[in-house]
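The values are calculated or read from the model by the stated rules, or taken from the named source; none is laboratory data. Everything quoted here is computed from the prediction, not taken from an experiment. Ideal geometry is used to build each Cβ from the backbone, glycine not excepted, and the neighbour counts take in all protein chains shown. The accessibility values were calculated without ligands, DNA or RNA, using every heavy atom of the protein model including side chains. Shrake-Rupley method; radii C 1.70, N 1.55, O 1.52, S 1.80 Å.
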Amino acid sequence: MKITNKHNLPDAVFNFLSADNYTPGDNDYSATTLLRPPQMVQLEQRHWEELEEDAIDKVWSVFGSAVHNLLEHHADGTASVEERLYVDIFGKRIGGQLDYYSDSIITDYKVTSTYTLGNAGRMKEWEEQQNIYAYLMRENGKPVEKIQVCVFFRDWSKGKSLSGGKDYPKTPLMVIELPLWGMSEQEDFLKDRVAEHLWGEDFCDAFLPPCTPEDMWEEPTKYAVMKKGNKRATKLFTDKDEAKEFATEKGKAFSVLVRQGGRARCEQYCNVKNFCHQYREWKRVADGS
Ligand code: SF4
């Protein structure tokens, strides 16, 4: 992958952001890779040399790595830190690197935005990832009684914590315990993910297993029926005609406001979108071309 410097960052900053200090484990699939959509993983592997990323877009991942590195050097001497574990499934070597394990508790460090706390999809992903780690631990003869994430909110503000809603974190750092599944549930989940990725290996780019709406962080377009002078919608619809009919029934003070949906991951967070047939087709229809 080529790292560009579109914002003309000073050399030292550019070199810092573009240095890749991550060493992949000796595995076919890592826990984090398994949780990504198979189409995205295949396209990234096949087109790696053609991909580009701008250094400025790496700021938060580099920041996250720096936090991990610092914490690694402040761990209790009896804890297991950044340990890599493996298990074989369907002939593939599956690996995972755990941030911290001590007293039968797995702790993973996360550096993220405050928005994540109210995002059910992201919380589910954390739960799945930690349960894969718990399975790796248990398969390697180590007990797990609790899994948790230690979350650093990079955009936390004290003012918003006082006035924000129930989903806004009250502190800039939170430890969140996640549901620990039974071992057979963990194994079934892991096998399903491995099978989906193996399936993806067999198809050419145009016929890769499509990403699901959940994978793409899809939000449908919504039609808000608004009363003149009100900031909140009287009622939300996913069907435009139903919204229009409702607004007409309510009277002249009501109108329909379109809240455009989208696929946030495709648009903003997927570095293979230029090679993705599913994205191109969706874009063609959305743009009416
Ligand atoms: S662009 Fe969208 S549909 Fe294509 S691989 Fe990325 S997330 Fe999936």
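Mind checking the angle between helix 277-286 and the chain's longest principal axis? C-alpha axes, 0 to 90 degrees, to the nearest 10.
That works out to roughly 20 degrees.
Please find, in a Gaussian network model of the chain (springs between Cα atoms separated by less than 10 Å), the residue of Gly25, Gly182, Gly165 whose mean-square fluctuation is greatest.
Gly165
Pull up the cross-link candidates among the lysines for Lys252, meaning alpha carbon to alpha carbon under 18 Å and not fewer than 8 places away within one chain.
Excluding near neighbours in sequence, the set is Lys227, Lys228, Lys231, Lys235, Lys240, Lys244.
Hey, quick one: spin label on Glu267, modelled 7 Å out along Cα-Cβ, who in region 232-246 has an amide N within reach, i.e. under 19 Å?
237-240
Please report the carbon-and-sulfur percent of the accessible area for region 218-286; probe 1.4 Å, protein heavy atoms only, DNA, RNA and ligands left out.
Details: 2380 of 5020 Å².
That fraction is 47 percent.
How high is the relative contact order of region 218-286, in percent, with contacts defined as C-alpha pairs under 8 Å that are six or more residues apart? Kindly include the intermediate steps, with their values, before the conclusion.
On the way: 94 pairs, mean separation 22.8, N = 69.
Normalised by residue count, the contact order of region 218-286 is 33 percent.
Under unit Cβ charges (Lys, Arg +1; Asp, Glu -1), what dipole magnitude, rounded to 20 debye, does the chain have relative to its Cα centre?
Values: 38 positive and 47 negative charges, 417 e Å.
With Lys and Arg at +1 and Asp and Glu at -1, about 2000 debye.
Lys240 versus Ser163, label points 7 Å from Cα toward the beta carbon: distance in nm?
It works out to 3.7 nm between the two label points.
Please sort 31-38, 216-223 by packing, taking for each peptide the average over its residues of neighbouring beta carbons within 10 angstrom, highest first. Write out the running numbers ahead of the final one.
Details: 31-38: 20.1, 216-223: 16.4.
Averaged packing, sorted descending, gives the order 31-38, 216-223.
To two decimal places, what compactness ratio does region 218-286 give when its Cα radius of gyration is scaled by 2.2 N^0.38 Å?
Values: Rg = 16.0 Å, N = 69, 2.2 N^0.38 = 11.0 Å.
In units of the globular-protein estimate, region 218-286 measures up at 1.46.
In whole percent, what relative contact order does the chain give with Cα contacts below 8 Å and a gap of six or more residues?
Details: 409 pairs, mean separation 47.4, N = 289.
Value for the chain: 16 percent.
Here is the link list: Lys58/Lys222; Lys58/Lys160; Lys222/Lys283. Which ones come out longer than 22 Å on Cα distance? Spell out each step's value before the answer.
Working: Lys58/Lys222 32 Å; Lys58/Lys160 26 Å; Lys222/Lys283 18 Å.
Cα-Cα > 22 Å for Lys58/Lys222; Lys58/Lys160; rest within.
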